[in-house]
Structure formats: structure tokens, C-alpha cells
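Worksheet: one structure, shown below.
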Amino acid sequence: MGNYSALAEENVEVAPGHYLMTLVPEEKPARAEPGQFLYITVTGEYDPLLRRPFSLFDVSPGERQLKIVYKLVGRGTELLKGVAVGSRVDVMGPLGTGFDIYDEGKDLLVAGGIGMAPLFYLAKKLRERNKEVTFLLGARTKAGLLFVDELEELGVNTLLATDDGSQGFKGTVVDLLAAYLQNNGRPDRLYCCGPAPVYKGVLEKAKSLRLPVQISYEERMACGVGACMGCVCKPESRDSYIRVCLEGPVIKHIF
């Protein structure tokens, strides 16, 4: 789809170095699905040259509001941080392939750090179908556990892990996953987003138990629509390369 202008209705720090931005599109975009992303530029010029992809964190009915959560990691996100309420950014999307949702079965969501962003919207859509949802959320410290209260307000069973033990289970969210599976049995499917150690650990656990898992991947992007081949990767369980911006960012693995 083409690009459009969106009004910044909110741009607020929600945890150290983490921000929530609410955008109001000038024109109604295509229907947004959990796991898709927005491709955003702030300056409208060539510095930085490339747009930045951000997972959809939440979407209001009718796509009137599109919300993203971002972490300060470089020039692009520093520019985004400086966007004042009432100003506009240029947006493409929603883009990419999102999560598949099923009416039956037990769903277990696993996120590390900022990887909780696309899984929050997924959890919301699952709860709208009156499904029981368990969400394992991990971070290095308590300060990195984002939107825990909001998850619980949705009626999501939320279990926490921190590397330093400052809140919840002491260890990584992959360690928490192993403990959860040992004590609660296997779900029908896994959903995951997080840094490489998280998704690789979840993928290994899914493979050992022959559980279907959907993982949201992250790669540097250029065009955002699959034309330039700049974001290709070869996920495990796939025989060929995929474009993260088009066939992904969500990839389904069945063992």
C-alpha cells in the first residue's frame, strides 16, 4: 500500500528508554492484524535514508488509532522520540504477514523485552475471542517488564521473569518457559517474539516437543515491501529464504 500522513496523538516514555506512540492516520489504512508492522519516517528527507519498522502494539476499532512501542537504540528512534504531539509522521502499513489465530486450543505467548509489543495486540485479539491466554514475559530487570498491568486488565494470565530476580522468576524467559511446561503440560501452540537468544530457545523447545510455534522475526529492512531482498533470512524448518518484510515478520514452524 502507499504511504500516508499520521498525527502523533501521544509520544510518552513508559519505562527508561521505552516509549509509546499513538498515531491517528489521515486516511483509514488497511485492516491491521497482530504481528504486522508500520514503516515510519520522521524527517521526510534522506537522513536517515531508510524508514524504521515498528510492530503494531495496539489498534483501536476501525483503525482510528495505531499504537507502537519503541526502544531507543539509534538515530532513527532518537528522531522518533523528538516527535511532538500534534505533529505528523509519514507511515506505510500495516505491512507484512501477521499471526494466525485459532478458536480452539491452549495458546502460550513468550516475549523477551521489547518483543512483547506485537504479542500484546495478539493477546488482546485472543481475549476478544474469550480464549484463555498465558503470557510469559521476561526482561533483564524489573524496569524492562512493560505493560504488565495492561495485560492483566485484559484477563491474561501473566508470568514474569527477570535475569536479576528483581521481579518474578529469576532467570530468562526461556528458563521460565521450561519450568512452566514441566509444571503445566504442553499447550497447543506457542507464539514468540524477542531477541535471538529468546526465539532460538523457544524454537528449540518447540522442536523437542513437536509443538507448532509462530515467531516474529526482526531484520534490517530497506523497501519494506519485498522488492529489494534486503531482509532475507532462512528460518529453521524452512527449505528456502524468506523476506522478513513480506513473508514475515511472523513465520510459522511446524515440526
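A few comments on the model shown:
- With pairing defined as another cysteine C-beta under 4.7 Å, the cysteines of the chain that fail it are 192, 193, 231, 233, 245.
- Computed lengthening from residue 50 to residue 129, 0.36 nm per intervening residue step minus Cα-Cα distance: 24.7 nm
- Among 115, 105, 138: highest mean-square fluctuation, GNM of the chain, C-alpha pairs under 10 Å: 105
- Backbone phi angles across segment 47-60, fed through the Karplus curve with coefficients 6.51, -1.76 and 1.60 (θ = phi - 60°), yield HN-Hα couplings of 9, x, 5, 9, 5, 10, x, 9, 5, 6, 8, 7, 9, 7 Hz in residue order; Gly and Pro are listed as x.
- Using every pair of distinct Cα positions in segment 3-95, the Kirkwood expression returns a hydrodynamic radius of 13.0 angstrom.
- Gain upon complete extension [residue 166, residue 7; 0.36 nm per residue less C-alpha separation]: 53.5 nm
- Chymotrypsin sites (Phe, Trp or Tyr not before Pro) within segment 137-245: DSSP coil, no more than 13 neighbouring Cβ in 10 Å: 241
- Computed Rg/Rh of the chain, alpha carbon atoms with Kirkwood Rh: 0.95
- Space enclosed by the convex hull of the alpha-carbon atoms of segment 107-215, per residue, Å³: 86 Å³
- Considering helices alone, the calculated mean residue ellipticity of the chain at 222 nm is -6000 deg cm²/dmol, with DSSP H runs of length four and up weighted by -39500 (n - 2.57) and normalised per residue.
- Gain on full stretching of the segment that runs from residue 84 to residue 208 - 0.36 nm per residue minus C-alpha separation: 39.9 nm
- Longest site-free stretch - the chain; sites: GluC sites (Glu not before Pro), DSSP loop, at most 10 other Cβ within 10 Å: 105-255
- Integer Hz, Karplus 6.51/-1.76/1.60 couplings in order for segment 224-237, x for Gly and Pro: x, 10, x, 7, 8, 6, x, 10, 6, 8, 10, x, 4, 6
- Karplus-based coupling profile of segment 243-251, in residue order and whole Hz: 8, 4, 6, 10, 5, x, x, 8, 10, with θ = phi - 60° in 6.51 cos²θ - 1.76 cosθ + 1.60 and x standing for Gly or Pro.
Each value in this text was obtained by applying a stated rule to the coordinates, not by laboratory testing. Note that the coordinates shown come from a computational prediction; the quantities given were computed from them, not determined experimentally. Cβ coordinates were reconstructed from backbone atoms using ideal geometry, including for glycine residues, and neighbour counts include every protein chain displayed.
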